[in-house]
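Notes to accompany the following structure.
The values are calculated or read from the model by the stated rules, or taken from the named source; none is laboratory data. Note that the coordinates shown come from a computational prediction; the quantities given were computed from them, not determined experimentally. Cβ: placed from backbone, ideal geometry, glycine included. Neighbour counts: every protein chain shown. Heavy atoms of the whole protein, side chains included, go into the accessibility calculation; ligands, DNA and RNA do not. Shrake-Rupley method; radii C 1.70, N 1.55, O 1.52, S 1.80 Å.
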Amino acid sequence: MSEPTDPATAAFVAHRNLLFTVAYEMLGSAADAEDVLQETWMKWMAVDLGAVRDQRAYLVRITTRQSLTRLRTLGRRRESYVGPWLPEPLLTTPDVAEDVELADNMSMAMLLVLETLAPTERAVFVLREVFDLGYDEIAEAVEKTPAAVRQIAHRARTHVAARRPRGVVSPAETRDALAAFQRAIETGDLQGLLDLLAPDVVLLGDGGGVKEAAPQPIVGSAAVARLLSAGLPRFGNALTAEPVDINGSPALIIRSAGLVDDVVAMRIDNGRVTGLYIVRNPHKLERMQKEITLSR
């Protein structure tokens, strides 16, 4: 494919991956992030490039403001969401998993923590802690003073630190736990599953009111194993499991009749599974299914 010759298009294409990641980190939805990029593109095409000193900063500013507007709308929708809400899972490449800090910030567990921040706090935290933008640049993006942004950043860091996973887990450790989990569900090894789960493990299932899923968080290894065991007889017959990288961490895709039926991500602490995140909502799996189909 030829390189874009229009300067505005060339700038947008050059920074598109950054802009998408900013929007996704703020929204937890790839579909909404793509919509924000479309809105950003339309606004960017109306800008006088001659008056723009820093194209990257200007594009990030547009993306942040569009994301904030959408985030406030999504917040109201999520209040009426059926059952637990989970971020839309995002297929990532193995090199993202090797960047431990980036993978941690993209993880399901971390995105759920970001959901507990107010919209402006989330924007400031993402721009500062994930992308290391300066306070002056963030201030322009969120339309606050640099002093106010510093206070918001401190408040957001404190909030996140109290809720985020305690330690950074290597991709290898997660991959080992995931492989053990896959063996247990494929062989129907209930005891092996119990041995892998932490006593206080929490399972969140997102069916979005479209597919069957636990309506409330399931807490405790016995309760989680009991719920999972109901689906064990279907493995090797109706269901198959495939390891992939999701949100920068090893995860599983569960297929039914060759199509993506579930995505299973997990949080590991001290070698045991403390969080299981199962996305079943087909609307959140559409993009992934298309990407997988196109890659074949």
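I need to check one value: relative contact order of the stretch 217-296, counting alpha carbon pairs closer than 8 Å and at least 6 residues apart, in percent. So the answer I get is 15 percent.
Taking every protein chain into account, the accessible area of the stretch 128-191 amounts to 58 square angstrom per residue (probe 1.4 Å).
Based on protein heavy atoms only, the stretch 33-93 ends up with 53 Å² per residue of surface accessible to a 1.4 Å probe.
Over the stretch 72-205, Cα pairs under 8 Å with separation of 6+ residues give a relative contact order of 25 percent. Under the convention that each Lys and Arg Cβ holds +1 and each Asp and Glu Cβ holds -1, the size of the dipole of the chain around its Cα centre is about 800 debye.
Centre-to-centre, using Cα atoms only, the stretch 14-87 and the stretch 220-296 are separated by 27 Å.
Report in % the part of the accessible area of the stretch 1-61 that belongs to carbon and sulfur, leaving out ligands and nucleic acids; probe 1.4 Å. Roughly 51 percent, rounded to a whole number.
Bridgeable lysines around residue 43 (alpha carbons under 30 Å apart, same-chain partners fewer than 8 residues away excluded): 144, 284, 290. Helical runs (DSSP H, four residues minimum) scored at -39500 (n - 2.57) apiece and divided by the length of the chain put the mean residue ellipticity at 222 nm at -16500 deg cm²/dmol.
The residues of the stretch 211-266 expose, per residue, 44 Å² of accessible area to a 1.4 Å probe.
Across the chain, the mean sequence separation of Cα contacts (distance under 8 Å, 6 or more residues apart), normalised by length, yields a relative contact order of 19 percent. Computed from Cα positions, the angle between helix 55-78 and the longest principal axis of the chain comes to roughly 50 degrees. A viscosity of 1.306 mPa s and a temperature of 10 °C, combined with the Kirkwood radius over C-alpha pairs in the Stokes-Einstein formula, give the stretch 70-188 a diffusion coefficient of 97 µm²/s. Orientation-averaged projection of the chain equals 16.2 nm² [convex hull of Cα atoms, one quarter of hull surface area].
Rounded to the nearest Hz, the phi-derived 3J(HN,Hα) couplings of the stretch 248-258 under the Karplus curve 6.51 cos²θ - 1.76 cosθ + 1.60 (θ = phi - 60°) are x, 9, x, 8, 10, 9, 9, 10, 10, 6, x, where x marks glycine and proline.
Counting other Cβ atoms within 10 Å, keep those with at most 11, restrict to DSSP loop, and tell me which trypsin sites (Lys or Arg not before Pro) in the stretch 147-242 are left. It would help to have the intermediate numbers written out before the result.
Details: sites: 150, 155, 157, 163, 166, 175, 183, 211, 226, 234; in loops: 163, 166, 211.
Sparse-neighbourhood loop trypsin sites (Lys or Arg not before Pro): 166.
When you work out D = kT/(6 pi eta Rh) for the stretch 1-142 at 37 °C and 0.692 mPa s, using the Kirkwood radius from C-alpha pairs as Rh and the Stokes-Einstein form, the result is 207 µm²/s. First compute the accessible area of the stretch 199-296 with a 1.4 Å probe, then give the percent of it belonging to carbon and sulfur atoms. Solvent-exposed carbon and sulfur of the stretch 199-296 make up 56 percent of the total.
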